[in-house]
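J.: I'd like to ask you about the structure that follows.
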Amino acid sequence: MDGRHSATARAHSNIALIKYWGKRDDTLNIPAVGSISITLDALATDTHVEFRPNLGARQTDEFWLNGALTQSPRVLGLLDLVRERAGTTQGAVVTSSNDFLTGAGLASSASGFAALALAASTAAGLALNARELSILARRGSGSAARSIFGGYVEMHAGSRDDGADAYAEPILSPDHWPLSVVVAITAAGPKAISSTHGMAGSRATSPFFPAWVDTSEQNLAEMRAAIAGHDLAQLGELTEYSCLKLHALMLTSRPALIYWNAGTIAAMGTVRELRAQGVAVYFTIDAGPQVKALCAPADAALVAHALAATPGVLQTRMSALGRGAHLVAA
Ligand code: PMV
C-alpha cells in the first residue's frame, strides 16, 4: 500500500426485532443466537479513515469520536484486522461522528463499526463484498454485522468455529414494506454496563440462558414468516415477546442487568394503551432505557405525540427504514 489512502462511509443504526444476546466465541465475536433487525434511516454514523504512510503501525492510530480524541481498543482491533488483510502496517486516523446520542442504547456501535469496516477496508485498498464486510463489522460489534444492509436483515449465528458463516443478510428491502420507528429517549447519559459485559454475565449466571438459546430458532422462523407476509400484528407481537424475553434474561443475571428507568416503563404503558385504542404499535428496548415504538408510517405522528406527552420521555425521534452502509464523498 503506497501513498495516502482515505475513504468515508455512512452507516445507519439498527434495532433488533428478534434480539441477539450472548456470544459463542468471545475472541471472534460470534453470536450464540441469530437475530433479525431493521435498519433505521434517522440514526447515522459518518466515518472517515485515512491511512498515512508516515504513521507506522497502530501506536500512532488516532480515533476521533464526535470531535474528541478517544481511546478504543475495539476500533484499533478492527484496524489491525484490516491492516493484516491488506498487508500494511500504516497507522490510521479515524474521524467519526454520530448524529444521535452515543452509547445510550441507540446502537451507536452498530452504525459505528459498520461504517468503520467499510471506510477502513476501502481506504486500505481492499474491495470486500457485503458478506465479508458483515463478518468484519461483526468483529467490532455483533449488531454492526446487520448495519451493513438496509431494510429487514437477518444475522446468522452460524456453526463454524472460525465464524465464516456468522454474517448478516438482507431479507426484505425497505421499499417493499415501509415501517416507522419512534424512539422515545428517557435518559441522555451513556449506559451503565456495556453489552459485552452484560452478555458474558448472562451466559455465565442466568438460569434462563440455555432456554434463550434453545428457543431462538423458533422465534427467528416466526419472524421471517411475519416479514414475508407483511403482517404487522405478528411482527409486533414477536418483537415485544423477544424484547421482554431478553430483559427477563438480563433481570435474572447476577448481578442483575436493569436497563429500564421510570420513563421506560411509562413509555411501554403508552404503547400498550395506544394498542388498546386500536393503533397497531409495538415496543422494543435494547441494553439501555430508550423505548423504540414500531408502527405503520401513517400512525407515526400520533405515536410520537403520545410518547412525547409521557412522563419521563425527554425527547422523541422518528425514523423510517434506512439503507445499508455506503461510501460517501468526504
Ligand atoms: O452489538 P452489541 O454487542 O452492542 O449487542 C447488541 C445487543 C442488543 O442491542 C441488546 C440486541 C441486538 O440484537 O441488537
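J.: Among rounded, prolate and oblate, which fits the chain when a ≥ b ≥ c are the square roots of the eigenvalues of its C-alpha gyration tensor, a/c under 1.5 means rounded, and a/b larger than b/c means prolate?
T.: prolate
J.: Then there is this: Compute the label zone of A204 within region 18-49: residues whose backbone N is under 16 Å from the point 7 Å along Cα-to-Cβ.
T.: It comes to 22-27, nothing else.
J.: Please report the relative contact order for the chain, taking Cα pairs under 8 Å with a sequence separation of at least 6, and give it as a percent rounded to a whole number.
T.: Value for the chain: 24 percent.
J.: Residue by residue through region 95-100, what is 3J(HN,Hα) from phi via Karplus (6.51 cos²θ - 1.76 cosθ + 1.60, θ = phi - 60°)? Round to whole Hz and write x for glycine and proline.
T.: With the stated coefficients, region 95-100 comes to 10, 10, 9, 9, 9, 8 Hz.
J.: Arranged by the count of other C-beta atoms within 10 angstrom, fewest first, what order do L232, L133 take?
T.: So the residues, fewest neighbours to most, are L232, L133.
J.: So, one more: By Kyte-Doolittle mean hydropathy of at least -0.5 and Cα axial length of at least 24 Å, which whole DSSP H helices of the chain are selected?
T.: Once both thresholds are applied, what remains is 232-251.
J.: Can you work out the FRET efficiency for the pair A248 and L314, with r the C-beta to C-beta distance and R0 = 22 Å, to the nearest 0.05?
T.: 0.25
J.: Further, regarding this structure: Check A280: other-chain or 5+ apart residues with amide H under 5 Å from its amide H, H built from backbone geometry?
T.: none
J.: Skipping prolines and chain starts, which residues have an amide H placed within reach, meaning under 5 Å, of the one on A42, given they are 5 or more residues away or on another chain?
T.: Here the answer is A320, since their amide H atoms fall under 5 Å of that of A42.
J.: Antiparallel versus total DSSP beta bridges in the chain: what percent is that, nearest 5?
T.: 95 percent
J.: Per residue of region 322-330, in order, report the coupling 6.51 cos²θ - 1.76 cosθ + 1.60 (Karplus, θ = phi - 60°) as ³J(HN,Hα) in whole Hz, putting x for Gly and Pro.
T.: Listing the rounded values in order: x, 8, x, 5, 8, 7, 10, 5, 5 Hz.
J.: What residues qualify as long-range amide H neighbours of K23, i.e. H under 5 Å apart, gap of 5 or more or another chain, H built at 1.01 Å from N?
T.: The list, which skips near neighbours in sequence, is A32.
J.: Return the single residue from V313, V153, V181 with maximal mean-square fluctuation; model: Gaussian network over the chain, springs between Cα atoms under 10 Å.
T.: With Cα springs under 10 Å in the chain, the top fluctuation among V313, V153, V181 is at V313.
J.: Per 0.36 nm of contour for each residue apart, how much would the distance between A211 and L28 grow if the chain were fully extended, relative to their Cα-Cα spacing?
T.: 63.5 nm
J.: Can you tell me how region 180-319 classifies by the Cα gyration tensor, rounded, prolate or oblate, using a/c under 1.5 as the rounded cut?
T.: It comes out oblate by the Cα gyration axes.
J.: Among DSSP bridges having both ends in region 5-176, what percentage is antiparallel? Round to the nearest 5.
T.: Once the DSSP bridges in region 5-176 are tallied, antiparallel ones form about 90 percent.
J.: If the reach is capped at under 16 angstrom between alpha carbons, list the aspartates and glutamates near K19, excluding any in the same chain fewer than eight residues apart.
T.: Within the straight-line cut-off, K19 pairs with E154, E169, D214, E217, E222, E237, E240, D286.
J.: Return the distance in nm (one decimal) between the two label points of a simple spin-label model at R160 and V328, each offset 7 Å from Cα along Cα→Cβ.
T.: Distance between the two pseudo-spin positions: 3.3 nm.
J.: Another question, if that's okay. Kindly identify region 5-176 as rounded, prolate or oblate by the Cα gyration tensor criterion: order the square roots of the eigenvalues as a ≥ b ≥ c, call it rounded if a/c is under 1.5, otherwise compare a/b with b/c, prolate if a/b is larger, else oblate.
T.: prolate
J.: Here's something else I'd like to know. Please list 15-23, 296-304 highest first by mean number of surrounding beta-carbon atoms within 10 Å per residue.
T.: Sorting 15-23, 296-304 by mean packing, highest first, produces 15-23, 296-304.
J.: When R83, R224 are ordered from fewest to most other Cβ atoms inside 10 Å of their Cβ, what list results?
T.: Neighbour counts put them in this order, fewest first: R224, R83.
J.: Can you pull the one-decimal nm distance between simple spin-label points at A192 and A68, each 7 Å off the Cα toward Cβ?
T.: 2.1 nm
Throughout, read-outs are computed from the coordinates displayed, never taken from laboratory work. This one's a predicted model, so the numbers in the text were calculated from it and none came from an experiment. Neighbour counts are summed over all protein chains in view; Cβ atoms, including those assigned to glycine, are modelled from backbone coordinates with ideal geometry.
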